[in-house]
Amino acid sequence: MIVLGIETSCDETAVGIVDAERRIRANRVASQLQEHAPYGGVVPEIAARAHLDKLDDMIRFALSDAGIGLSDLSGIAATSGPGLIGGVMVGAMTAKAMAAVMRLPFIAVNHLEAHALTARLTDDVGFPFLLLLVSGGHTQLIHVKGVGAYTTLGTTIDDAAGECFDKGAKLLGLGYPGGPMIERAATGGNGKAFELPRPMLGRRGCDFSFSGLKTAVRLLVAQKGEGMTGRFVADAAASLQAAIADILFDRTRNALQGLEAENVSVTSLVAAGGVAANQVIRARLAQLAGAQNLRFAAPPPALCTDNGVMVAWAGLEHLKLGQRDGFDTAARPRWPLDPHHAGKSIGKSGA
Ligand code: KG4
Ligand code: ZN
């Protein structure tokens, strides 16, 4: 079984190919950083047009990397939401057209589910597990019981963790995307240099909040005025990263304790989404899992940020269960993983 996956929900045009033996046969990612750089953020219309420009080539390159043709595929998957709707439509329509011509199954993949299931491809993680999904648009703790069986335990009440990294980086003049920039700048800094707030820390439950932290960084930068030195930026970046890591640690620990109190067992703690690429955060979560005798798994950093491999894998997981979608499946700007959860996801684009 070989599946091709297309990801176009934000600013990466990505195509991946995986097989049922958990082999990654192709992983092509074209970032649109340059297209959006003059505007200081992702412009939806520019994103959709760039996906349209690049997608055909990316599919061709991926098939060539894998050394296969379209007729070797068992199915074609595409992110069908949540995300910037213009881009999602480009990817989903392309996948449907290819599937229709080749008479192959089409699988409409939820972008969040693709992040959620990636550790099963990279680390062979079994169900059930606790997932910390941390990206540019989402920060959620999810009890993953199986493919399609997700219970949200906590979510952010304001910004997403990735957004906090991105806004912090912008304030510190580090550019976009902020997460990798903050991580790099922080290596030379002191995480205890500035006392930044850690909203929700020690509170019951496992919801998150980051807006107070963002405001604190803004005030810190304003106090400093024009004279931001390299040392200041490094210390501020390290302090921001330490605060975010503390928040994620505390909330995840509460989720694990909550599950234990309800006698719900999990095999592993899994981190996924762009922010899970951060080494300091990974180390803290690994420490937490270790203390609870749980396995910790997170995809390699390149598969934490948006990619086509995760979409192909999620498609393959559905296909293995005999699930496929109709060509009338709509692209969805919003598509919660757990429709029963009342909490709202606020962020960049929903992706
Ligand atoms: O999953 P993703 O690629 O796209 C969304 O679905 O949102 O996540 C992007 C987010 C951005 O906010 C980016 O700054 C953050 O992930 N990110 C990181 C790192 N790499 C990416 N945050 C912290 N440390 C990193 N190394
Ligand atoms: Zn994502």
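The values are calculated or read from the model by the stated rules, or taken from the named source; none is laboratory data. Keep in mind that what you see is a predicted model, and the values were worked out from it rather than measured. For neighbour counting, all protein chains shown are included, and Cβ atoms are generated from backbone atoms with ideal geometry for every residue, glycine included. Heavy atoms of the whole protein, side chains included, go into the accessibility calculation; ligands, DNA and RNA do not. Shrake-Rupley method; radii C 1.70, N 1.55, O 1.52, S 1.80 Å.
Taking 0.36 nm per residue of separation and subtracting the current Cα-Cα distance, fully stretching the chain between residue 320 and residue 151 would add 58.6 nm. Per residue, the chain exposes 41 Å² of accessible surface when a 1.4 Å probe is rolled over the protein heavy atoms with every protein chain present. Placing a label point 7 Å from the Cα of residue 334 along the Cα-to-Cβ direction, the residues of the range 103-135 whose backbone N falls under 17 Å of that point are 111-112.
Taken over the alpha carbons of the chain as equal point scatterers, the Debye sum produces base-10 log I(q)/I(0) values at 0.15 Å⁻¹ of -1.24.
Sort 109-115, 41-47 for me by packing, meaning the mean count of neighbouring Cβ atoms within 10 Å per residue, highest on top.
109-115, 41-47
Approximating the spin labels as points 7 Å out from Cα along Cα→Cβ, the residue 37-to-residue 184 distance works out to 1.2 nm. Between the Cα long axis of helix 111-123 and the first principal axis of the chain there is an angle of about 90°, rounded to the nearest 10. Dipole magnitude for the chain: about 480 debye, using +1 per Lys or Arg Cβ and -1 per Asp or Glu Cβ, origin at the Cα centre.
When the accessible area of the range 25-80 is split by element with a 1.4 Å probe, what percent falls to carbon and sulfur? Don't skip to the end; give the middle numbers.
On the way: 1400 of 2830 Å².
Ligands and nucleic acids excluded, carbon and sulfur give 50 percent.
Using Cα-only point scatterers and the Debye equation, what is log10 of I(q)/I(0) for the range 127-298 at each q in 0.13, 0.15, 0.16 Å⁻¹, rounded to two decimals? Calculated log10 I(q)/I(0) at the listed q: -0.60, -0.77, -0.86.
Ignoring ligands, DNA and RNA, what percent of the accessible area of the range 127-298 is carbon or sulfur (1.4 Å)? Please report the intermediate quantities before stating the final value.
Numbers: 3570 of 6930 Å².
Its accessible area is 51 percent carbon and sulfur atoms.
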